[in-house]
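Please treat every number below as a calculation from the coordinates, not as lab data. This one's a predicted model, so the numbers in the text were calculated from it and none came from an experiment. Cβ atoms come from the backbone with ideal geometry, glycine included; neighbour counts cover every protein chain shown.
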Amino acid sequence: MEKLQTLGWILIGLVVFIWRMVQKARETTAREQRERRFSRPDASGRPRPVAPGLPATSFEEMLRQMKTQNREAQQPTPADTGEVTPAGRPLPREASPVARSLEKIDRPARSLEQAPQARSLEVPGREARRAATLPRAGQQTQSDYWQREQARPEAAPTLTERLRNPADVRMAFVLGEILQRKF
């Protein structure tokens, strides 16, 4: 029952909406008809609107005017042909210079890429080392990089050296802001 009431309200709203749109369209049509100027009715009996600003001349007269304008435009005058200046003197005939290019076309095209070095694929790139000469996992050698790094003592930089380095000064400023908050 409740669904039927809801459906009824939707239909009533739809009918009211359509009725108001039709009324608005009728009012707009009537207002436009009042605003237009009309002349005698056409064959169907409806009044025919008059377009404002139509010329009073006929089509044939306009066609004649256009033809005469076209003929006048096609006939060159002596000033248009370049024979005389507006003062009546003859114009000098000048030929434009021939375009000159600085491009040298007699050179063959050459690639700027480097040619790869020719080498045989049969010859190894470096001499192979025998496994007997390589250090063993259990052996301690003096060429071990990490042992050398741990053995070397680190000298702590002095305060003046740290102040000369901008990265250290920046780090000190950032740490000071983090550790000593004002708020």
- Using the beta-carbon distance between LEU175 and TRP146 and R0 = 45 Å, what value does 1/(1 + (r/R0)^6) give for FRET efficiency, to the nearest 0.05? 0.90
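Pulled fully out, how much extra length does the chain show between LEU91 and SER111, if you take 0.36 nm times their separation in residues and subtract their Cα-Cα distance? Don't skip to the end; give the middle numbers.
On the way: separation 20, 0.36 × 20 = 7.20 nm, distance 5.25 nm.
Residue separation times 0.36 nm, minus the Cα-Cα distance, leaves 2.0 nm.
Kindly state, to the nearest 0.05, the FRET efficiency for MET62 paired with ILE18, given R0 = 41 Å and r defined as their beta-carbon distance. Working shown, then result.
Values: r = 49 Å, r/R0 = 1.20.
Using R0 = 41 Å, I get an efficiency of 0.25.
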- Query: Using 0.36 nm per residue, how much length does the chain from ARG26 to ARG164 gain when fully extended, once their Cα-Cα distance is taken away?
  - Reply: 40.9 nm
- Run the quick spin-label model on GLU122 and ALA156: label points 7 Å from Cα toward the beta carbon, then report their separation in nm to one decimal. 6.5
